[in-house]
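Beneath this line is the structure, given in structure tokens, with notes to follow.
The values are calculated or read from the model by the stated rules, or taken from the named source; none is laboratory data. The structure displayed is predicted, hence computed values, not measured ones. Here the Cβ positions follow ideal geometry from the backbone for every residue, glycine too, while neighbour counts run over all protein chains shown.
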Amino acid sequence: MQTGNSTRYLVIEPRTSLFNLNLKEIWQYRDLLEMYIKRDIVTSYKQTVLGPIWFFIQPIFTTIVFMFVFGGLAGIPTDGIPQALFYLSGITLWNYFSESLTKTSDTFLSNQAIFGKVYFPRLIVPLSITITGLIKMLIQFAVFIIVYIYFMASGRPIAPNAFALLLPVLIIIMAALSLGFGIIISSMTTKYRDLRFLITFAIQLWMYATPVIYPLSVMEGNYKKYIWLIQANPLTAVLETFKYGFLGHGSFSWYALGYSLLFSVITLFIGMAIFNKVERSFMDVI
């Protein structure tokens, strides 16, 4: 870059520290982050008949299917909570986590063309996915609130409490987990492409290890030998806290929630370290 008689150079060097997030640089590229978020939202349902209405239809259809399969055919109890409300509460959170994880895990491979041509903080891409997913989750949360108000007005046994105020903490935990695991998987797929085919299957299994379609009390009562696996799942405390705070049913433990928060932070830092390391030689490997 030349200005008058002086010449300026912009030197781009790899990060010297694996845990260097370079948040200042990300802030400088905030316009690009905003552009990615808008792009993700617009292209999600571009050239579809119903457009953004799908944001509302998806959780409703999924809830109806869960009511028929798990509530009707399988006969899984919901702790006295109306089935529609129980499944919708789990779907609202799970959809955000699973979609963010799936899309983030494909960061390097799906963006290899632009990564090889233009420099910008690579973390912009997974961050935009996580934020876009949050916007969708808030829309689906509005659907949950509408159904929630309906059942409350109908006199159903729903008892919200102050723990519902922990919702921002729950969102932070899910965002950190999906971002951390997503960039770990994305970094590994630069060498091991097979992981792309396993991630969808793994996420489906993860859902069954999370109290989305069943209350934790079912596992504690009938499947005690597997309860340790469910409790080791960092998403268990997130969903149970959400249901306990908004519905008044389920279980809550500061210890379990603290474990989930710590797990998510550690996962995010490990993911950042691996992401920064792979970023240095990404184009040579891909």
Looking across region 196-214 at residues that are in contact (Cβ under 8 Å) with a residue 40 or more places away in the chain and more than 18 Å from Thr62 (Cβ to Cβ), the single one that is surrounded by the most Cβ atoms within 10 Å (Cβ to Cβ) is Ile199
Within region 194-230, residues being farther than 24 Å from Gly71 by Cβ and not hydroxyl-bearing (Ser, Thr, Tyr) number 10
query = Among the residues of region 232-241, is any buried (at least 20 other Cβ atoms within 10 Å of the Cβ), out of contact with any Ser or Thr (no Cβ under 6 Å at 6 or more places or on another chain), within 22 Å of Leu85 (Cβ to Cβ) and not β-branched (Val, Ile, Thr)?
reply = yes
Restricting region 157-179 to residues that are more than 13 Å from Ser260 (Cα to Cα) and among the small types (Gly, Ala, Ser), the one farthest from the chain's Cα centre (by Cα) turns out to be Ala159
Do we have any residue at all in region 135-150 that's in contact (Cβ under 8 Å) with a residue 40 or more places away in the chain, assigned to a helix (DSSP H, G or I) and more than 20 Å from Glu99 (Cβ to Cβ)? yes
Residue match in region 111-123 (condition: of a type outside the set (Gly, Ala, Ser), at pLDDT 85 or above and buried (at least 21 other Cβ atoms within 10 Å of the Cβ)): no
(1) in contact (Cβ under 8 Å) with a residue 12 or more places away in the chain; (2) of a type in the set (Gly, Ala, Ser); (3) part of a loop (DSSP other than H, G, I, E, B) all hold for Gly155 apart from (1)
Thr78: among the hydroxyl-bearing types (Ser, Thr, Tyr) and either at positive phi or in contact with a Pro (Cβ under 8 Å, 6 or more places away or on another chain) (or both), yes or no?
yes
Residue pairs within 9 Å by beta carbon, gap of at least six or interchain, first lying in region 164-187 and over 13 Å from Ile129 (Cβ atoms), second in a helix (DSSP H, G or I) and among the acidic types (Asp, Glu), listed first then second, are Ser187/Glu279
Within region 75-109, of all residues that are in a helix (DSSP H, G or I) and among the aliphatic types (A, V, I, L, M), the one surrounded by the fewest Cβ atoms within 10 Å (Cβ to Cβ) is Leu109
So the helices (runs of 4 or more DSSP H) completely within region 197-283 holding 2 or more residues that are over 22 Å from the mean Cα position of the chain (by Cα) are 216-222, 227-232
Over region 67-112, the set of residues over 21 Å from Tyr214 (Cα atoms) and of a type in the set (Val, Ile, Thr) is Thr102, Thr104, Thr107
